[in-house]
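Notes for the one structure printed next.
FYI, it's all coordinate maths here, none of it is from the lab. Since we're looking at a predicted model, the values are computed, not measured. Ideal geometry is used to build each Cβ from the backbone, glycine not excepted, and the neighbour counts take in all protein chains shown.
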Number of protein chains: 2
Amino acid sequence: MTFEATAIIREKTEQAVEILKEKDIDLWITFVRETSQVKDPVLDLILGFDLTWTSALLIHRSGARVAIVGRYDVPNVERLGAYDRVIGYDAAFQQPLLAEIEALRPRQIAVNYSDSDPAADGLTYGMFRVLSRTLAATPYPDRLVSAEALIAALRGRKTASEIQLIKNAVERTEEILAQLSPYIRPGVADTEVADFLHNSLTKNGYGASWDWDYCPVVTVGPDAAVGHAMPSGLRIKPGNLVQVDFGISHYGFVSDLQRTWYVRSPVEATIPTAIRQGWDATTVALEAGRAALKPGARGWEVDAAARRALVEEGYPEYMHAFGHHIGRTAHDGATVLGPRWERYGSSVEGVVETGNVFAIELGVVVPGHGYIGREENVVITATGAEYLSHPQEQLWIV
Amino acid sequence: MTFEATAIIREKTEQAVEILKEKDIDLWITFVRETSQVKDPVLDLILGFDLTWTSALLIHRSGARVAIVGRYDVPNVERLGAYDRVIGYDAAFQQPLLAEIEALRPRQIAVNYSDSDPAADGLTYGMFRVLSRTLAATPYPDRLVSAEALIAALRGRKTASEIQLIKNAVERTEEILAQLSPYIRPGVADTEVADFLHNSLTKNGYGASWDWDYCPVVTVGPDAAVGHAMPSGLRIKPGNLVQVDFGISHYGFVSDLQRTWYVRSPVEATIPTAIRQGWDATTVALEAGRAALKPGARGWEVDAAARRALVEEGYPEYMHAFGHHIGRTAHDGATVLGPRWERYGSSVEGVVETGNVFAIELGVVVPGHGYIGREENVVITATGAEYLSHPQEQLWIV
């Protein structure tokens, strides 16, 4: 692990203590084994590497942080410096775990399960059974509660270092998209655009922000499917809009941006009115959503502001959510800035907080030309949503 | 996915049907969501890619294989060809899942949890709750059973294609180790040996068989720690034994081999007697273990045969298990060929089966010279354990 990665893990475990106090939870236990087989996604936040034998990471509202791990994992956890005490065991974890819990006498023990949030659901059913059996002779089985609110806050409230790393990923993505620009021209296939971006990732040692096959999404002209389709060989023609949805993963943090080009036909002096109007409408809607995106707003309220603005401009509603967290992944946490549709469940009831980082996005179809897609990355401060990206202010004309 | 990878997934789902009949289990359900966040390790066997929305993979003893997945995942699952019916949903999975279960009327439903085997414990506690709630108005919550025996058999009994891919990984590992041989000489550091092997992996596009930092393990001379230590900069000297524990991952399957060199001092005409005796003793013990390694043997019986032979040769017991499954990972499944020590739990009570692939290993310390490590890979046939590797028959002399 790099020095920076280690420092962030330490920051996050300190932040977890503050969130425990705020949520009035006494103790949080992350309970795992053989994480190369099944990995609790919380480990990326509070440990950063794999554990082998059955292990318990305890964080208490008093600030105490204790790791109970197999003997061979002790040096790695000690080197990390995020846990005050690292208790190694040879034969069995039960006795040291019970001793720590008895000493702390928690009123609640939060563990990593959630009916609705996969990022907070890293405790397996087998491990839940092992934990319940370990606690059987104590009052604590009845004090187990879901850590989902705690994990959502810990993942969602980015520290200054996390924001810096996301910003860094965004800037490098912008560099790559700027390099792509001269390459967008008639005759080039969507697959070639994807290859260009994949090669940029490989050359620079970056990962894709999401599934490699679908990162980037490239939408060429009016005949392409809009959404998460893989490139299909469609070639750019004059009069096409070309939209790219792309992000990178670098030092463990990701970006998620969309950019749109218009490929003029030789006879055009200016861009078609329908395209100009579409662009202006998406700008109005994006900024309306961004204006609503501030601490205390509910996810669905932010979406509603953008959605309403787009409809008022005379365009159909977009068929997705306006925004989602980004961070260690391109869908990084619980609160979604989306409509109150069944498929979004309770995720759109979440509240926007300072330190959240979102990708915000929407778009319109311009018949005969293609798709205008807009997506920028923002960080939430006390006063509102500030751009981490350099927002695309105009269509890029080829 | 490659054609071969797809074919293996189909084979494994067919094999699962046979195992359901044998174990007298009616239905097996793998129940997952957002597997990029938390991945059930069983998916490597029966699907091979990520699923997004809540999904259920049903395999029934009648041979019926049904996948219920979110609409966007339907094309990938259909292309795979391992499921007779792929049911896509838009709003909710509950109704199609209940309909399938009601139609099959299973006496038992095996789901992926295990108190002792992490490879069979991919169902999260949140997902267990969701499933229980989905089944609440039916008789089926009481019919949920652990799929651990089924998964252990499915993972452990390699198909012909799986064995071929492991053999391929073993052969490529042997090529790399042969290339390493001329590089082993006085003055070379253990870190340089590790760099050589890491570069071979990168150059060939292979992965490491286990954690990159510990693959290879390089043990130089009498002063090195034996086990899973990272290289520390020790340089090879005349009179040293040099042992390398190394494996690759290629097309999704791994190898795991050890090889040992002896670096003669210029004045030596023959190798020291103590080294020759150590080598011969490890050969006797390895072959004693291999002779005991046949269908029907219990894990601990195989270990005992090798362990007893080594002690009878006048050497101390090795402090680990004699053997472990290899396949998609370097510790690939439930039965361990190890002693009845507490830390191995019930894993050493497992029974060896035709089609299992094991790494078998042991070693001795030769005071003043270093460590002799032996490790080969074998496949179990009706008559016994056949080498997949070309076993090292003599010390490699430098």
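Working from Cα positions, state the angle (0 to 90°, nearest 10) between the long axis of helix A:299-312 and the longest principal axis of chain A.
Helix A:299-312 and the main axis of chain A meet at about 10 degrees.
If each label sits 7 angstrom from Cα along the C-beta direction, how far apart, in nm, is A:Arg185 from its counterparts in the other copies?
Distances to the matching label points in the other copies: 5.4 nm.
Set the Förster radius R0 to 51 Å, insert the Cβ-Cβ distance between A:Val267 and B:Ser36 as r into 1/(1 + (r/R0)^6), and round the FRET efficiency to 0.05.
Plugging the Cβ-Cβ distance into 1/(1 + (r/R0)^6) gives 0.65.
Can you check what the net charge comes to around B:Ala334, using other residues whose Cβ is under 9 Å from the Cβ of B:Ala334 (Lys, Arg +1; Asp, Glu -1)? Working shown, then result.
Working: positive: B:Arg155; negative: B:Asp117, B:Glu148.
Here the charged neighbours net out to -1.
Rounded if a/c is under 1.5, else prolate if a/b is larger than b/c, else oblate: which is the range B:157-397, with a ≥ b ≥ c the root eigenvalues of its Cα gyration tensor?
It comes out oblate by the Cα gyration axes.
Quick check on my link table: of A:Lys21/B:Lys39; B:Lys39/B:Lys167; B:Lys23/B:Lys158; B:Lys158/B:Lys294; A:Lys167/B:Lys39, which ones sit more than 20 Å apart, alpha carbon to alpha carbon?
Numbers: A:Lys21/B:Lys39 31 Å; B:Lys39/B:Lys167 27 Å; B:Lys23/B:Lys158 18 Å; B:Lys158/B:Lys294 15 Å; A:Lys167/B:Lys39 29 Å.
Listed pairs above 20 Å: A:Lys21/B:Lys39; B:Lys39/B:Lys167; A:Lys167/B:Lys39.
Report, in deg cm²/dmol and to the nearest 500, the calculated mean residue ellipticity at 222 nm for chain A, where each DSSP H run with n ≥ 4 adds -39500 (n - 2.57) and the sum is divided by the residue count.
Numbers: 10 runs with 132 residues, N = 398.
So the helix-based figure for chain A works out to -10500 deg cm²/dmol.
For the Cα atoms of chain B, what angle does the longest principal axis make with the long axis of helix B:273-292, in degrees from 0 to 90, nearest 10?
Result, in degrees: 30.
Please give the average number of partner chain Cβ atoms lying within 10 Å of the Cβ of each residue in B:69-77, rounded to a whole number.
Average neighbour count from other chains, rounded to a whole number: 1.
Which order do the peptides A:303-316, B:106-119, B:236-249, A:82-95 take when ranked by the mean count of other beta-carbon atoms within 10 Å per residue, highest first? Could the numbers behind the result be given before it?
Values: A:303-316: 18.8, B:106-119: 21.5, B:236-249: 23.2, A:82-95: 16.2.
In descending order of packing, they fall as B:236-249, B:106-119, A:303-316, A:82-95.
Under the definition of partner shielding as Cβ atoms of other protein chains within 10 Å of a residue Cβ, what is the mean value for peptide A:108-115?
So the per-residue partner count for this stretch is 3.
Summing Lys, Arg as +1 and Asp, Glu as -1, what charge do residues with Cβ under 13 Å from the Cβ of B:Pro96 carry, B:Pro96 excluded?
On the way: positive: B:Arg71, B:Arg85; negative: B:Asp90, B:Glu100, B:Glu102.
Net local charge, B:Pro96 excluded: -1.
What are the label-to-label distances in nm, one decimal and shortest first, from B:Asp142 to the same spot in the other copies, with labels 7 Å along Cα to Cβ?
B:Asp142 label point versus its equivalents elsewhere: 2.6 nm.
So for the pair B:Ala291, A:Glu175, with labels modelled 7 Å out along Cα→Cβ, what separation do we get in nm?
Taking the two extended label points, one gets 6.4 nm.
So, with +1 on the Cβ of K and R and -1 on the Cβ of D and E, and no other charges, what is the size of the charge dipole of the protein assembly as shown about its Cα centre, to the nearest 20 debye?
That gives the protein assembly as shown a dipole magnitude of about 280 debye.
For label points placed 7 Å from Cα toward Cβ, what is the shortest-first list of nm distances from B:Pro316 to its copies?
7.5
Give the calculated FRET efficiency between A:Ala274 and B:Ser232 to the nearest 0.05, with a Förster radius of 60 Å applied to their Cβ-Cβ distance. Before the final figure, lay out the partial values.
Working: r = 68 Å, r/R0 = 1.13.
My answer for the efficiency is 0.35.
Could you work out the local net charge near B:Glu287, counting Lys and Arg as +1, Asp and Glu as -1, over the other residues with Cβ closer than 14 Å to its Cβ?
Overall, the nearby charge balance is -3.
With the crude spin-label approximation of a point 7 Å out along Cα→Cβ, what separation in nm comes out for B:Glu349 versus A:Asp213?
With each label point 7 Å from Cα toward Cβ, the separation is 4.2 nm.
For B:37-45, what's the mean count of beta carbons from other chains sitting within 10 Å of each residue's beta carbon? Before the final figure, lay out each step's value.
On the way: counts 11, 12, 3, 3, 4, 0, 0, 0, 0.
Rounded to a whole number, the mean comes out at 4.
Can you tell me the 0 to 90 degree angle between the C-alpha axis of helix B:3-23 and the longest principal axis of chain B, rounded to 10?
The angle comes out at about 70 degrees.
With the radius of gyration and the Kirkwood radius both derived from the Cα set of the range A:3-155, what is their ratio Rg to Rh?
Dividing the radius of gyration by the Kirkwood radius yields 0.92.
To the nearest 0.05, what FRET efficiency results for B:Lys203 and A:His198 with a Förster distance of 22 Å applied to their C-beta separation?
The computed FRET efficiency comes out at 0.60.
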